[in-house]
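Visitor: Provided herewith is a single structure, encoded as structure tokens, for subsequent inquiry.
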Amino acid sequence: MIIQTLGKKYVVIKYCSSNSRMERFLCKEESDGRCYTVIRMKDRDWITKTMEFLIREMENESFTDLSCCFAGEEYFHVVLAYTEGISLQEKLDNEICSLEERLAVGRHLLERIMLLDMSDYFLQECLNPAHIVVSPDLDVAFTYELNTIFQYDRFGFEQVRRRLLQVMEILFEGELKKKMLPPLNHFCDMLQKAEWKDVVEIFRQYREMYQKVLSMAPEEMELPNTRIFRVWERLRRLIAPLKKIMALLLLMFAVLYLIYTVQKSVETSAEKKAFDSIGTLEIRD
């Protein structure tokens, strides 16, 4: 099967999914051999509602993931970049990733969305652990499904912020739960409170957090900072001097007990050496 537009032919190599509104294909462009995701919109209402938005997005030269869009055979086609690799969700589920690796993925993710400079709709679309593709070198790319494209005008930066926070919470789930890295917890707290109003500011704050975490001593990274741990640490600091006092008291008790047992032993020995008679002579008190 070939999906054709003026000057380009997309050869379908895989049928991905379909519903009443759209079909999704993995295609190879005949002239350059590159792979693309081609989404064919079939619903007339969807086409009418989204065509102008998508054509406007095409004017954004930075958003290179949107290759082109065109009408053909009563359908509207959207051609998007395709990257081979495993999703972030799969990587975290199936691999043991070090903190340094996960920090690098977060940095590359923010760098990538800044570079593409896409609209809020596409930003929230790609900020999904299942749509984030991670290469062996930890570079980041995105896949797109456009299942909510009909509602593109309902998405703003608030949805982007929430999606980004969810990604960070998945990336650093263990560290955030144990509060092992104060700079990381502060970054996510500020992100949750919507303190930053654009991706550029979020990236700047992430970069500062990234440098602070990497400069921490290894032993600092191993200690949790939860309420239970902090209570235990305070108790442990109180117990340390008490242990010395208890040891001294035990030693004093042992000495006193030794003196007591020696005295009792002497008294018992004296009682055993008392004589009632000498020969046939009875000794009376």
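The values are calculated or read from the model by the stated rules, or taken from the named source; none is laboratory data. As the structure is a computational prediction, the values presented were derived from the model and not from experiment. Ideal geometry is used to build each Cβ from the backbone, glycine not excepted, and the neighbour counts take in all protein chains shown. What goes into the accessible areas is simple: the full protein's heavy atoms, side chains included, and nothing from ligands, DNA or RNA. Shrake-Rupley method; radii C 1.70, N 1.55, O 1.52, S 1.80 Å.
Visitor: Quickly run through region 95-128 and pick out the residues that are among the β-branched types (Val, Ile, Thr) and surrounded by fewer than 17 Cβ atoms within 10 Å (Cβ to Cβ). Spell out how you get there, then give the answer.
Guide: In the first step, residues of region 95-128 are kept if they are among the β-branched types (Val, Ile, Thr); the result is 96, 105, 113.
Across region 95-128, the qualifying residue is only Ile96.
Visitor: Do we have Met180 as more than 25 Å from Glu84 (Cα to Cα), buried (at least 18 other Cβ atoms within 10 Å of the Cβ) and either modelled with pLDDT of 95 or more or touching a Leu at 6+ places or on another chain (Cβ under 9 Å) (or both) here? It would help to see each step written out before you state the result.
Guide: Values: more than 25 Å from Glu84 (Cα to Cα): yes; buried (at least 18 other Cβ atoms within 10 Å of the Cβ): yes; either modelled with pLDDT of 95 or more or touching a Leu at 6+ places or on another chain (Cβ under 9 Å) (or both): yes.
When the stated conditions are applied, Met180 passes them.
Visitor: Is it true that some residue in region 112-119 is within 30 Å of Val38 (Cβ to Cβ), in contact with a Phe, Trp or Tyr (Cβ under 7 Å, 6 or more places away or on another chain), of a type in the set (A, V, I, L, M) and part of a loop (DSSP other than H, G, I, E, B)?
Guide: First, pick out the residues of region 112-119 that are within 30 Å of Val38 (Cβ to Cβ): 112-119.
In the following step, the residues that additionally are in contact with a Phe, Trp or Tyr (Cβ under 7 Å, 6 or more places away or on another chain) were identified as 114, 116-118.
Still in the list and also of a type in the set (A, V, I, L, M): 114, 116, 118.
Checking which are part of a loop (DSSP other than H, G, I, E, B) leaves us with 118.
The answer is yes, given that some residue of region 112-119 is within 30 Å of Val38 (Cβ to Cβ), in contact with a Phe, Trp or Tyr (Cβ under 7 Å, 6 or more places away or on another chain), of a type in the set (A, V, I, L, M) and part of a loop (DSSP other than H, G, I, E, B).
Visitor: Have a look at Leu123, Leu103 and point out the one that is closer than 30 Å to Pro218 by Cβ, of a type in the set (A, V, I, L, M) and not in a loop (DSSP other than H, G, I, E, B). I'd like the intermediate steps shown before the answer.
Guide: Details: Leu123 fails: closer than 30 Å to Pro218 by Cβ.
None of the other options fit; the residue is Leu103.
Visitor: All but one of (1) open to solvent by less than 20 Å² (accessible area, probe 1.4 Å); (2) in a helix (DSSP H, G or I); (3) hydrophobic (A, V, I, L, M, F, W, C) hold for Leu146; state the number of the condition that does not hold.
Guide: (2)
Visitor: Within region 149-162, track down each residue that is crowded, with 18+ Cβ neighbours inside 10 Å, under 25 Å from the mean Cα position of the chain (by Cα) and either part of a helix (DSSP H, G or I) or among the β-branched types (Val, Ile, Thr) (or both).
Guide: Val160, Arg161, listed by residue number.
Visitor: Output the number of residues of region 183-219 satisfying the condition of being more than 16 Å from Ala104 (Cβ to Cβ), open to solvent by 60 Å² or more (accessible area, probe 1.4 Å) and outside any helix (DSSP H, G or I).
Guide: Qualifying residue count for the region: 4.
Visitor: Follow-up question, since we're still on this one. Which condition number does Met180 fail, the rest of (1) in a helix (DSSP H, G or I); (2) farther than 29 Å from Arg44 by Cα being met?
Guide: Condition not satisfied by Met180: (1).
Visitor: Tell me, please, whether a residue that is within 30 Å of Tyr210 (Cβ to Cβ) and aromatic (Phe, Trp, Tyr) can be found in region 12-20.
Guide: Of region 12-20, the ones within 30 Å of Tyr210 (Cβ to Cβ) are none.
Within region 12-20, not a single residue is within 30 Å of Tyr210 (Cβ to Cβ) and aromatic (Phe, Trp, Tyr).
Visitor: Within region 4-18, is there a residue that is closer than 14 Å to Leu146 by Cα, crowded, with 16+ Cβ neighbours inside 10 Å and out of contact with any Phe, Trp or Tyr (no Cβ under 7 Å at 6 or more places or on another chain)? Please lay out each step first, then the result.
Guide: Pass one, region 4-18, residues closer than 14 Å to Leu146 by Cα: 16-18.
Adding the requirement that they be crowded, with 16+ Cβ neighbours inside 10 Å leaves none.
No, region 4-18 contains no residue that is closer than 14 Å to Leu146 by Cα, crowded, with 16+ Cβ neighbours inside 10 Å and out of contact with any Phe, Trp or Tyr (no Cβ under 7 Å at 6 or more places or on another chain).
Visitor: Let me ask another. Taking only region 47-63 into account, find how many residues are open to solvent by less than 90 Å² (accessible area, probe 1.4 Å) and either over 17 Å from Thr37 (Cβ atoms) or among the hydroxyl-bearing types (Ser, Thr, Tyr) (or both).
Guide: 8
Visitor: Here is a list: Val105, Val38. Which entry is in contact with a helix residue (DSSP H, G or I) (Cβ under 8 Å, 6 or more places away or on another chain) and hydrophobic (A, V, I, L, M, F, W, C)? Please lay out each step first, then the result.
Guide: Numbers: Val38 fails: in contact with a helix residue (DSSP H, G or I) (Cβ under 8 Å, 6 or more places away or on another chain).
Exactly one of Val105, Val38 is in contact with a helix residue (DSSP H, G or I) (Cβ under 8 Å, 6 or more places away or on another chain) and hydrophobic (A, V, I, L, M, F, W, C), namely Val105.
Visitor: Inside region 163-177, can you point out the residues that are open to solvent by 30 Å² or more (accessible area, probe 1.4 Å) and not aliphatic (A, V, I, L, M)?
Guide: Arg163, Gln166, Glu169, Glu173, Gly174, Lys177
Visitor: Could you count how many residues in region 64-82 are in a loop (DSSP other than H, G, I, E, B) and crowded, with 16+ Cβ neighbours inside 10 Å? Please lay out each step first, then the result.
Guide: Of region 64-82, the ones in a loop (DSSP other than H, G, I, E, B) are 64-65, 73-74, 82.
Checking which are crowded, with 16+ Cβ neighbours inside 10 Å leaves us with 65, 82.
The qualifying residues number 2.
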